[in-house]
Amino acid sequence: MDRPYPPAAGLAALADLLAGPVVPAARGLLGCRLSAGGVTVRITEVEAYAGTAGDPASHAHRGRTPRNTVMFGPAGHAYVYFTYGMHWCLNVVTGPDGEASAVLLRAGAVVDGLDAARARRPAVRRDVDLARGPARLCATLGVDRSAYGLDLLADGPVRLRPADVPVPEAAVSAGPRVGVTGAHDVPWRFWITGDPTVSTYRRHVPRSRA
């Protein structure tokens, strides 16, 4: 059975996890720490997306494009995309080279750099809402297009590090993905059960053509 977190502390174990299948990689990212722009968040919610292997919700479902090329590897790099004409979203590439898959980082709890996080999002009233949702997470960290393709396991401007304490299997919940038009009932969204920073689930509702 796949473990939901690296079997040993350290970047090597995290790198091995990310190089494997996307679902256990997604679960293993829970509790990991992501740092950028003077802020560190503990990842509390993620969403897995396979590539061309039967996942119509994936950006790589129809093959390689200039936008999604980083999804084809290597693992551990950042796939950043712009959505709704106003928001950035950050994904961690997973799987072996040439097989596109990635994990969307949906939410996190600010564990360091709280003043910097508040300065970036001054309208937010509660600290638990600073990185509650993929666009808010990027805004809190100051992540944008410049992070596209970065090696997140290196000592660069955006850094991913293993969890201080692995999240046990019993503390992980799973459910359908959010806001996707295809395969929206696939239970590939994972979150730390009961964590207040986890985003609110909203099933995609197609717009009426009337």
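At a glance:
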| quantity | calculated |
| --- | --- |
| Count of residues meeting criterion [assigned to a loop (DSSP other than H, G, I, E, B), open to solvent by 30 Å² or more (accessible area, probe 1.4 Å) and at pLDDT below 90] in region 38-89 | 14 |
| Residues being in contact (Cβ under 8 Å) with a residue 60 or more places away in the chain and assigned to a loop (DSSP other than H, G, I, E, B) - total across region 183-200 | 9 |
| Boolean, residue 122 is closer than 22 Å to residue 27 by Cβ and open to solvent by 20 Å² or more (accessible area, probe 1.4 Å) | no |
| Per-region count, region 16-59, residues on the phi > 0 side of the Ramachandran plot and within 11 Å of the chain's Cα centre (by Cα) | 0 |
| Only listed residue being touching an Asp or Glu at 6+ places or on another chain (Cβ under 7 Å), of a type outside the set (Ser, Thr, Tyr) and without any contact (Cβ under 8 Å) to a residue 40 or more places away in the chain, chosen from 73, 54 | 73 |
| Checking residue 143 against (1) surrounded by fewer than 22 Cβ atoms within 10 Å (Cβ to Cβ); (2) touching a strand residue (DSSP E or B) at 6+ places or on another chain (Cβ under 7 Å); (3) among the hydrophobic types (A, V, I, L, M, F, W, C), the condition it does not meet | (1) |
| Every pair of residues 6+ apart whose Cβ atoms lie under 8 Å, when the first sits in region 80-101 and is more than 24 Å from residue 23 (Cβ to Cβ) and in contact (Cβ under 8 Å) with a residue 12 or more places away in the chain while the second is among the acidic types (Asp, Glu) and part of a loop (DSSP other than H, G, I, E, B) | 88/144 |
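A quick yes/no check of all residues on (1) open to solvent by less than 80 Å² (accessible area, probe 1.4 Å); (2) of a type in the set (Ser, Thr, Tyr); (3) closer than 24 Å to residue 83 by Cα:
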site	(1), (2), (3)
104	yes, no, yes
109	yes, no, yes
129	yes, no, yes
147	yes, no, yes
157	no, no, yes
169	yes, no, no
180	yes, no, yes
185	no, no, yes
197	yes, yes, yes
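The values are calculated or read from the model by the stated rules, or taken from the named source; none is laboratory data. The structure presented is a predicted model; accordingly, all values stated were derived computationally and were not measured. Please note: Cβ atoms are built from the backbone with ideal geometry, for glycine as well, and neighbour counts cover all protein chains shown. The accessibility values were calculated without ligands, DNA or RNA, using every heavy atom of the protein model including side chains. Shrake-Rupley method; radii C 1.70, N 1.55, O 1.52, S 1.80 Å.
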